[in-house]
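What follows is a short report on a single structure.
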Amino acid sequence: MKELEERILKDGIVIGPNILKVDSFLNQQIDAKLIHKMGEEFAAYFKDKNIDKVLTVESSGIAPALATALELEVNCVFARKKQSLTTSEDVYHSSVYSFTKQVTNELIVDKNFLKEGENILMIDDFLANGQAAKGMVALCRQAGANPVGLGIVVEKSFSDGRALVEEMGVDIYSLARIAKLEEGKITFVGE
Ligand code: 5GP
């Protein structure tokens with residue numbers, strides 16, 4: 001997505017090692033118009049997959065997931081990283097190790113919101129080592145739902161995530177694919 005690549009070049013900040021900060025339009029302040037266009041892109045790519053629901057992880061996946069769900073006219077569910085007072089006891093959960101934050105999070109979804117046989121489109125802000133995606137696939141499988149696609153805003157293609165997700169038989173579509181993040185310079189795949 002050209003507009004996203006241009007925005008990453010303009011406002012993205014490389015913080016070592018291999019981490020891209022995009023707080024000004026995705027991870028803290030949210031550029032609503034850009035997110036809307038991301039939703040249109042994901043929806044156009046996955047429109048023939050009979051998607052029943054969009055699944056993401058709180059918090060940064062929620063904006064692009066909601067924009068996509070609006071376009072596909074389906075609901076959006078986000079996995080919580082912490083059990084809240086209002087979360088029911090009857091949940092699916094999977095453990096996800098974040099290399100970025102060096103912590104293990106539990107992904108938790110109420111069993112009422114993922115159902116057997118549903119076709120699930122998973123959306124996340126970044127794909128690095130694929131652990132968050134693997135956690136979402138595990139939640140779908142526990143529910144007997146079909147994880148049919150993964151939409152990623154920024155893929156760090158120098159990491160192992162894509163291979164892991166493809167091995168699980170999930171179709172991936174990334175809006176921006178980064179080949180290198182070196183010495184403050186961002187290079188996209190194909191450049
Ligand atoms: P993975 O589970 O694929 O290793 O990492 C994906 C998760 O880690 C994303 O949900 C995102 O929150 C975070 N993440 C990984 N790399 C980056 C990065 O370079 N920048 C930011 N902002 N988040 C990242």
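Yes/no per residue for (1) within 15 Å of the ligand (Cβ to nearest atom); (2) farther than 30 Å from Leu181 by Cβ; (3) touching a Phe, Trp or Tyr at 6+ places or on another chain (Cβ under 7 Å):
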residue	(1), (2), (3)
Ala63	yes, no, no
Cys76	no, no, no
Arg80	yes, no, no
Ser95	yes, no, no
Ile108	no, yes, no
Lys111	no, yes, yes
Asn119	no, yes, no
Ala133	yes, no, no
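Taken over the range 14-26, the criterion of being over 19 Å from Gly39 (Cβ atoms) and touching a residue at least 24 places away in the same chain (Cβ under 8 Å) is satisfied by Val14, Asn18, Ile19, Leu20. Just one of (1) surrounded by fewer than 19 Cβ atoms within 10 Å (Cβ to Cβ); (2) within 23 Å of Lys180 (Cα to Cα) fails for Asp31. It is (2).
To keep it simple, each residue is scored yes or no on (1) hydrophobic (A, V, I, L, M, F, W, C); (2) at pLDDT 95 or above.
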position	(1), (2)
Glu5	no, yes
Asp11	no, yes
Pro17	no, no
Val22	yes, yes
Phe25	yes, yes
Gln29	no, yes
Lys33	no, yes
Ala43	yes, yes
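Scanning the range 11-66 for residues that are part of a helix (DSSP H, G or I), more than 15 Å from the chain's Cα centre (by Cα) and within 29 Å of Gln102 (Cα to Cα) gives Asp11, Asp23, Ser24, Phe25. Could you tell me whether Ala143 is of a type outside the set (Asp, Glu) and in contact with a Phe, Trp or Tyr (Cβ under 8 Å, 6 or more places away or on another chain)? When the stated conditions are applied, Ala143 passes them. Tell me which residues, restricted to the range 100-126, are over 16 Å from the mean Cα position of the chain (by Cα), assigned to a loop (DSSP other than H, G, I, E, B) and surrounded by 10 or more Cβ atoms within 10 Å (Cβ to Cβ). Once the filter is applied, which keeps residues that are over 16 Å from the mean Cα position of the chain (by Cα), assigned to a loop (DSSP other than H, G, I, E, B) and surrounded by 10 or more Cβ atoms within 10 Å (Cβ to Cβ), the range 100-126 yields Leu114, Lys115, Glu118.
The values are calculated or read from the model by the stated rules, or taken from the named source; none is laboratory data. Predicted model only: the values in this text are computed from it and were never measured. Ideal geometry is used to build each Cβ from the backbone, glycine not excepted, and the neighbour counts take in all protein chains shown.
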